[in-house]
Amino acid sequence: MTLACMDSGVGGLAVLKRLIQQLPDTPVVFLGDTAWMPYGEKALEVVRHRVLDVHQWLETNYTLAAFVLACNTATVAAFDELDALQRPYPMLEPVSTTAHWVNQHVDSAKKLGIMATPGTVTGGRYLRYLTPDRRIEQVACTGLASVVEAGHCDGPDLDSLLIPYVNVLKDWGAEVIILGCTHYSLIRERVQALVGPDVELVDSAEVLAEVAIPILTQLNLGTGSQELWVTGQAAQFSQAIQSLPLHEIQAKPIRTITIETVLPAHTPSIC
Ligand code: DGL
């Protein structure tokens, strides 16, 4: 029995690193769908087809004990369909998990910003789960996940894109900001430096891992190997890992797999 975790790319490792820190010998398969990244700039219908195919590949090749859909955008696009499959194992996702955490821990009087991909913003799933009495401003951060995927967690390539997005929320007066994309967990320090110490960041990768750990611990998954797959280039993925705050993952071998997805005719391509 294996714990499966998937994301479009390195962002999912921000969840995985926390899971394997707490459950170091647990059998795990991670799949980064890098050939199809960025999910957040594709039509949600495209992402839905793709995520269902990736989940099916995982189910075909492993006996799943739990499925962690780390990616916010994938959740927005496909979690309801996955949940409807009524599998006998738990399925966990970051969006409702983070929203519930905010509902419980963050004063509803505080102005709440959300940084997320265009797909996550369009899908509106955060708004579905956050209490409606809040003042919320969402910023669709086009291009940001791709810069992180390329291994940038600081420097001018990151800042030229990040600063204008952060400024939208600063100017609006955000007091709390949800990092609603797992990739942004890897640039959390830079975001914090830009917004200043008085703004609280809620990291969806961290919240998901915190909620998942007790659930996974209860499953008593035993010991086994940890396998990392990507659908794009393994060397590129490995190089990005070296540059990002992911030292827990650095020594792990990465393999490439091709997973086919045939989209129905006339599927819109962009978000
Ligand atoms: N990491 C994904 C998320 O949490 C999105 C990155 C992408 O656009 O592929 O939303």
Where does helix 72-84 land angle-wise versus the long Cα axis of the chain, in degrees 0 to 90, nearest 10?
50 degrees
R0 of 45 Å, Cβ-Cβ distance K170-T60: FRET efficiency to nearest 0.05
0.45
So which lysines can K252 reach, going by Cα to Cα under 26 Å and dropping same-chain residues fewer than 8 places off?
K17
Whole-Hz Karplus couplings 3J(HN,Hα) for the range 182-192, θ = phi - 60° and coefficients 6.51, -1.76, 1.60, Gly and Pro as x, run 4, 4, 6, 4, 7, 10, 4, 4, 5, 4, 4
Give the long-range amide H neighbours of A65: residues separated by 5 or more places, or on another chain, with amide H under 5 Å away, using H modelled in the peptide plane at 1.01 Å from N.
T2, L3, A4
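Let me have the relative contact order for the range 185-271, percent, based on Cα pairs under 8 Å that are six or more residues apart. Provide the component values of the computation, followed by the final result.
Details: 41 pairs, mean separation 22.2, N = 87.
Dividing the mean separation by the residue count of the range 185-271 yields 25 percent.
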Under 28 Å Cα-Cα from K111, which lysines qualify once same-chain neighbours fewer than 8 residues away are excluded?
K170
Checked the range 134-249 with the C-alpha gyration tensor, a ≥ b ≥ c its square-rooted eigenvalues, rounded below a/c of 1.5, otherwise prolate if a/b is larger than b/c and oblate if not; verdict oblate
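So what is the relative contact order of the chain, in percent, for Cα pairs below 8 Å that sit 6 or more residues apart?
30 percent
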Mind listing the long-range amide H neighbours of V139? Cut-off is under 5 Å, sequence gap 5 or more, other chains count too, H placed in the peptide plane at 1.01 Å from N.
I114, M115, A116
Give the shape of the chain as rounded, prolate or oblate, defined through the alpha-carbon gyration tensor: a ≥ b ≥ c are the square roots of its eigenvalues, a/c under 1.5 means rounded, and otherwise the shape is prolate if a/b is larger than b/c and oblate if not.
rounded
Amide H neighbours of K111 under 5 Å, at least 5 residues apart or on other chains, H built in the peptide plane: list them.
E175, V176
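Readers should treat all values here as calculations from the given coordinates under stated rules, not as data from a laboratory. Note that the coordinates shown come from a computational prediction; the quantities given were computed from them, not determined experimentally. We place every Cβ from the backbone using ideal geometry, glycine too, and count neighbours over all the protein chains shown.
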